[in-house]
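The next block holds one structure in the form of structure tokens; read it before the comments.
The values are calculated or read from the model by the stated rules, or taken from the named source; none is laboratory data. Because the structure is predicted, anything quoted here is derived from the model rather than measured. Virtual Cβ from ideal backbone geometry, glycine too; neighbours counted across all protein chains shown.
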Amino acid sequence: MPYPRPKLPRMSDTPAPDNAQPGEIHILVDADACPVKDEIYKVALRHNVRVIIVANSAFRIMQHALVNRVIVDDGFDAADDWIAERASAKTVVVTSDILLADRCIKSGASVLANNGKPFTENSIGGAVAARAIMEDLRAGMDGATGGPPPFSKADRSRFLQELDTVLVRMARR
């Protein structure tokens with residue numbers, strides 16, 4: 001017999017758990033499928049930067065004063081909406097979602113993919129267009145495309161280096 005799911009606080013009844021102060025550099029993580037959470041913690045703690053993990057369901061996070069979790073409603077794009085509404089020039093957003101990256105860049109945030117690839121004002125238009133083309137191809141092939149390449153050690157290393165670089169650059173501003 002499965003255990004009953006505990007009632008978890010949802011966005012509507014969670015009092016501003018992000019704790020990020022205005023002007024404070026912080027990291028927002030689109031966490032549902034993020035393979036680099038441990039790397040984010042490592043770099044963020046070294047830089048004394050707050051991390052806010054945003055997801056549609058509960059899972060374990062590092063227990064530290066600088067690490068918070070926000071569980072949003074199960075609605076379509078609820079986590080994306082929560083992140084995009086809070087993205088600013090003092091925010092690093094970690095996501096593989098190209099449309100969320102586009103929204104956050106427009107808010108002035110720095111955005112990194114899980115593999116360390118930065119999304120920028122110059123690159124996001126091409127990424128959105130490529131996403132649309134791939135979506136059309138998948139629709140025509142009944143979804144039978146290979147998908148992204150497997151996540152590698154090189155991706156993890158590139159992510160660590162890029163996140164550190166972005167945080168150093170933001171601290172200097």
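Within the stretch 88-104, the only residue that satisfies the criterion of being under 13 Å from HIS26 (Cβ atoms) and charged (D, E, K, R) is LYS90.
Taken together, LEU45, LEU66 contain a single residue that is modelled with pLDDT of 95 or more, over 15 Å from PHE159 (Cα atoms) and surrounded by fewer than 17 Cβ atoms within 10 Å (Cβ to Cβ), which is LEU45. Taking first residues from the stretch 97-126 that are in contact (Cβ under 8 Å) with a residue 24 or more places away in the chain and at positive phi and partners that are of a type outside the set (D, E, K, R) and surrounded by fewer than 17 Cβ atoms within 10 Å (Cβ to Cβ), the Cβ contacts under 7 Å between residues at least 6 apart in sequence or on separate chains come to GLY116/GLN161. Taking the criterion of being buried (at least 19 other Cβ atoms within 10 Å of the Cβ) and touching a Lys or Arg at 6+ places or on another chain (Cβ under 9 Å), the residues of the stretch 25-42 that qualify are ILE25, HIS26, ILE27, LEU28, VAL29, ALA31, VAL36, GLU39.
In the stretch 97-118, which residues are over 18 Å from GLU85 (Cα atoms) and not polar (S, T, N, Q)? Even if it seems obvious, please write down each step before you answer.
Within the stretch 97-118, the first condition is being over 18 Å from GLU85 (Cα atoms), and the residues that meet it are 113-118.
Correct list: ALA113, GLY116, LYS117, PRO118.
Looking at the stretch 13-29, which of its residues are at pLDDT 70 or above and either part of a loop (DSSP other than H, G, I, E, B) or more than 15 Å from LEU163 (Cα to Cα) (or both)? Please lay out each step first, then the result.
In the first step, residues of the stretch 13-29 are kept if they are at pLDDT 70 or above; the result is 23-29.
Those that are at pLDDT 70 or above and either part of a loop (DSSP other than H, G, I, E, B) or more than 15 Å from LEU163 (Cα to Cα) (or both): GLY23, GLU24, ILE25.
Taking residues in the stretch 62-78 that are closer than 17 Å to ASN48 by Cβ and touching a residue at least 12 places away in the same chain (Cβ under 8 Å), and partners anywhere that are assigned to a loop (DSSP other than H, G, I, E, B) and aromatic (Phe, Trp, Tyr), not one pair has Cβ atoms closer than 6 Å while being at least 6 places apart or on different chains. Note on the stretch 57-104: residues that are part of a loop (DSSP other than H, G, I, E, B) and among the aliphatic types (A, V, I, L, M) amount to 8.
All conditions in (1) within 21 Å of LYS153 (Cα to Cα); (2) surrounded by 15 or more Cβ atoms within 10 Å (Cβ to Cβ); (3) out of contact with any Ser or Thr (no Cβ under 9 Å at 6 or more places or on another chain) hold for LYS117, with the sole exception of (3).
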